[in-house]
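The values are calculated or read from the model by the stated rules, or taken from the named source; none is laboratory data. Nothing here was measured: the structure is a model prediction, and the numbers come from that model. Cβ placement follows ideal geometry from the backbone for every residue including glycine, while neighbour counts extend to all protein chains displayed. These area figures cover heavy atoms from the full protein model, side chains too; ligands, DNA and RNA do not enter into them. Shrake-Rupley method; radii C 1.70, N 1.55, O 1.52, S 1.80 Å.
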Amino acid sequence: MTTISTTTASIQTGSAGSSSSTGNDTASQISRITQKITKLTQQLKEIANGSGSTEDKKKQQEMIQTEIQQLQAQLAQLQRKQAEEAEQKQAQQQPQAKAEGVNKSSDDHQIDIYV
């Protein structure tokens, strides 16, 4: 019988000092989770070819599938976080739109309307 040990990764949340370190940390967490999902998927494929009873194989498959689902949920959460951080960073870099030219209100650009 083949014994497969698995561990679940936890997402650490907290306030970071700068957005760049948070971005890199999020990206590295995404990378680690993606690698774990790949590894677990490979283990799932190997179970079918391994030795052991059908019942043991089924239990192992269910455990691995459950862990993959948990990792996928964590991955989705991290990707949303990364997208939000990117939006915030982009919003900070873009200057506020200013009215220029004819659209800018001033004494020179007023229309007097007489009724």
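List of remarks:
- Listed by first and then second residue, the pairs with beta-carbon distance under 8 Å, at least 6 apart or on different chains, first residue in the stretch 58-79 and farther than 21 Å from Lys45 by Cα and open to solvent by less than 40 Å² (accessible area, probe 1.4 Å), second basic (Lys, Arg) and assigned to a helix (DSSP H, G or I), form an empty list.
- Flag for Ala86 being modelled with pLDDT under 85, of a type in the set (A, V, I, L, M) and part of a helix (DSSP H, G or I): no
- Of everything in the stretch 14-57 that is under 14 Å from the mean Cα position of the chain (by Cα) and modelled with pLDDT under 85, the residue that is surrounded by the fewest Cβ atoms within 10 Å (Cβ to Cβ) is Asn24.
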